[in-house]
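Only one structure is covered here, and it is reproduced in the block below.
Here, each number is a calculation from the coordinates, and none is a lab measurement. Not measured: the values here are computed from a predicted model. Heads up, the Cβs are rebuilt from the backbone with ideal geometry, glycines too, and the neighbour counts pull from every protein chain shown.
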Amino acid sequence: MATRPYYENGSVRLYLGDCQTILPELFKHDLLLTDPPYGIGDIWQGGKGHGWNKADKVKCERNRWDERPPTADELGLALTQSREAIIWGGNYFGLRPSRGWLVWVKPERNFTLAEAEVAWTSRDSVIRVCELPRSETDRCHPTQKPVALMTWCLSLFPYVKTVLDPYAGSGTTLVAAKLMGLGATGIEIHEPYAEYAAQRLDQGILDFQIDRNRTIDHTNQRSLFEESINGLHEQTPLP
């Protein structure tokens with residue numbers, strides 16, 4: 001029996017569970033855009049200085065979350081479920097050579113955290129660089145990427161219509177895809193983060209404030225996912 005979505009609304013769907021179980025049940029997406037655990041929890045020190053107190057407070061939580069990276073087989077499965085791919089932290093994984101790396105430069109300096117991050121891509125193109133602040137206010141996940149970073153990533157693949165994130169975290173990839181009118185599927189194994197992602201998607205992201213006492217009625221949502229995805233692909237075929 002196929003896994004029931006934890007949240008769905010129009011062309012966006014989120015599953016709660018292990019991506020290795022759920023990925024084989026999904027259709028093939030146009031783009032894999034994900035930020036999995038890097039496996040560096042044991043060496044991460046937490047960003048001290050410049051008032052960056054929240055990173056230090058969530059250090060233990062982040063270290064637990066980031067203690068094991070996906071295996072080669074796990075990433076391989078995710079890659080088979082997409083035609084193109086962007087994998088943040090790709091320098092930590094044994095991926096094939098690529099010339100289309102992406103670089104996120106963080107303008108703040110003198111942190112104990114990295115001043116840049118890189119993403120492996122399937123693009124046969126030149127390296128591209130994006131400069132954005134380290135984080136957004138009111139983030140929930142300890143490694144939450146800015147929405148603007150993910151929308152930038154999506155802009156580099158203008159022909160895609162469906163996006164997959166098997167390590168969805170707090171749902172930033174899904175939020176970015178929704179903003180750009182794309183279909184998106186996310187998978188998250190930790191329910192608190194899945195609930196946070198669902199709230200972001202349900203409320204929208206403009207002036208978003210998380211209500212930690214609020215829960216979404218996931219059982220009464222009308223499923224328009226397949227209809228919406230089919231409509232997206234009918235509009236513009238892939239090259």
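Report the net charge of residues surrounding Pro24, where surrounding means a beta-carbon distance below 15 angstrom and charges are Lys +1, Arg +1, Asp -1, Glu -1.
That sum, taken over residues with Cβ under 15 Å, equals -3.
Arg99 versus Asp202, label points 7 Å from Cα toward the beta carbon: distance in nm?
Between Arg99 and Asp202, the label points sit 4.8 nm apart.
What FRET efficiency, computed as 1/(1 + (r/R0)^6) with R0 = 25 Å and r the Cβ-Cβ distance, is obtained for Ile127 and Thr151, rounded to the nearest 0.05?
0.85
Determine the gain in length on full extension of the stretch Thr21-Asn91; use 0.36 nm per residue of separation and subtract their C-alpha separation, reporting nm with one decimal.
Length gained, Thr21 through Asn91: 22.7 nm.
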